[in-house]
Amino acid sequence: MAPMGPRVAVIEDDASIRRLLVRILEAEGYGTIAVGDGDAGLRAIHEHQPDLVILDLSLPRIDGHELIRRLRADPRTVALPVIVLTGHTASADMIAALDAGADDFVAKPFQQLELLARLRSAWRMRQVTLKMEDAHAIVVALVNAVEAKDVDLKDHCRNLAFRAARLGAYVGLRDQELDEVAFGALLHDIGKIALPEAILHKPGPLTEDEIREMRLHPVIGERIIGPLRIARDFSPIIRHHHERWDGRGYPDGLAGEAIPLGARIVAIADAFDAIVRGRVYRAARTLDEAIEELRRHSGSQFDPGLIPLFIDEIERVGSGTPPPVELPSVARLAVAVPIRPDPVPARPRP
């Protein structure tokens with residue numbers, strides 16, 4: 001019966017140790033791919049896509065340090081767990097391997113129980129990473145769906161995630177809080193998937209009934225992403241990104257700091273992107289006009305404390321100043337579109 005556990009690439013030039021590792025691993029239910037040099041190991045990893053790697057540092061053709069560096073430089077293997085099995089236990093050797101990108105060490109001669117324990121630990125971490133990658137893929141698929149439904153949203157969600165995350169980082173959000181803002185911005189209009197195209201693409205003013213239907217999209221969006229476990233923390237951003245500082249927004253009429261901070265950030269970035277990029281029925285406007293519009297509605301539509309900070313961020317983006325911390329990956333799906341100094345003519349109405 002074929003092994004049902006994760007697959008391990010064993011890259012070890014000593015044939016006796018290689019056979020021993022394969023025997024131990026397969027007895028524990030792991031699948032194995034075993035090779036004797038670094039060049040063959042690199043090819044085997046790309047061909048068989050293992051879940052874990054055990055390798056010796058002193059390999060012929062491509063040594064272990066170089067092999068790890070190549071794995072970390074390739075997006076396909078950047079997160080692949082690598083356990084170094086080596087007799088070189090001097091601190092300088094370990095530091096060099098860690099710098100190259102190794103995840104863990106097992107010293108030769110190895111203890112079977114220790115090796116298996118370290119493999120289990122590495123596999124648990126890999127499963128967490130895979131779940132995050134799956135969640136990321138689901139989010140991107142949802143964004144693609146909503147952008148395909150509404151031509152006005154082409155690249156808007158991606159650019160909005162970038163600008164909202166920049167502001168979030170500037171006001172001091174970090175780690176999970178910054179992730180929440182990026183995800184919330186990226187999916188803020190997901191509820192528009194459920195709206196009729198006749199409303200989304202209508203060139204003229206909406207009727208009162210159509211306005212009421214349009215204003216359901218934050219609630220619908222919250223419901224759509226509800227089954228996603230990762231959405232629990234950023235769903236309030238989706239629900240409340242159309243609330244206003246003065247309490248005259250929707251769907252719940254929240255006011256002031258009762259509106260979640262992430263939703264206040266996304267509301268500003270959303271309005272700015274819509275102004276500078278325009279809509280089918282409305283011409284894009286200049287950077288100065290967009291800034292003036294934000295200032296005019298500061299304290300009524302927008303959080304007055306965030307507006308000057310966002311304007312500062314506009315200048316930083318324009319000058320190429322990097323954010324204070326690395327932005328979440330979903331905030332780096334697209335770079336914000338350049339802002340034209342002059343107005344862009346309105347596109348013909350359909």
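The values are calculated or read from the model by the stated rules, or taken from the named source; none is laboratory data. The model shown is predicted, which means the values in this text are computed figures rather than measured ones. Glycine also receives a Cβ, built like all others from the backbone with ideal geometry; neighbour counts cover every protein chain displayed.
Of the residues making up the range 282-297, those that are touching a residue at least 40 places away in the same chain (Cβ under 8 Å) and not in a helix (DSSP H, G or I) are 282, 283, 284, 285, 286.
The rows are residues; the columns are (1) farther than 21 Å from residue 186 by Cβ; (2) assigned to a helix (DSSP H, G or I); (3) at pLDDT 75 or above; (4) of a type outside the set (A, V, I, L, M, F, W, C).
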residue	(1), (2), (3), (4)
300	yes, no, yes, yes
304	yes, no, yes, yes
314	no, yes, yes, no
318	yes, yes, yes, yes
321	yes, no, yes, yes
327	no, no, yes, no
341	yes, no, no, yes
350	yes, no, no, yes
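Applying the condition of being touching a residue at least 12 places away in the same chain (Cβ under 8 Å) and touching a helix residue (DSSP H, G or I) at 6+ places or on another chain (Cβ under 8 Å) to the range 201-218 and asking which residue is nearest to residue 238 (Cα to Cα) yields 218.
Taking (1) touching a residue at least 12 places away in the same chain (Cβ under 8 Å); (2) part of a loop (DSSP other than H, G, I, E, B) in turn, residue 172 satisfies each apart from (1). For the residues 168, 249, 191, the requirement of being in contact with a helix residue (DSSP H, G or I) (Cβ under 6 Å, 6 or more places away or on another chain) and either basic (Lys, Arg) or within 22 Å of residue 298 (Cα to Cα) (or both) singles out 168.
So that you can scan it fast, the table gives a plain yes or no per residue for (1) more than 19 Å from residue 98 (Cα to Cα); (2) in the same structural domain as residue 124 (by TED's automatic domain parsing); (3) surrounded by 15 or more Cβ atoms within 10 Å (Cβ to Cβ):
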| position | (1), (2), (3) |
| --- | --- |
| 12 | no, yes, yes |
| 23 | yes, yes, no |
| 29 | yes, yes, no |
| 50 | yes, yes, yes |
| 63 | no, yes, yes |
| 76 | yes, yes, no |
| 81 | no, yes, yes |
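All of (1) within 20 Å of residue 247 (Cβ to Cβ); (2) out of contact with any helix residue (DSSP H, G or I) (no Cβ under 9 Å at 6 or more places or on another chain) hold for residue 297 with one exception: (2). Residues considered: 346, 331, 284. Of these, the only one that is at pLDDT below 95, surrounded by 14 or more Cβ atoms within 10 Å (Cβ to Cβ), of a type in the set (Gly, Ala, Ser) and over 21 Å from residue 168 (Cα atoms) is 284.
Among the conditions (1) outside the structural domain of residue 70 (by TED's automatic domain parsing); (2) modelled with pLDDT of 95 or more, residue 2 misses just one, which is (2).
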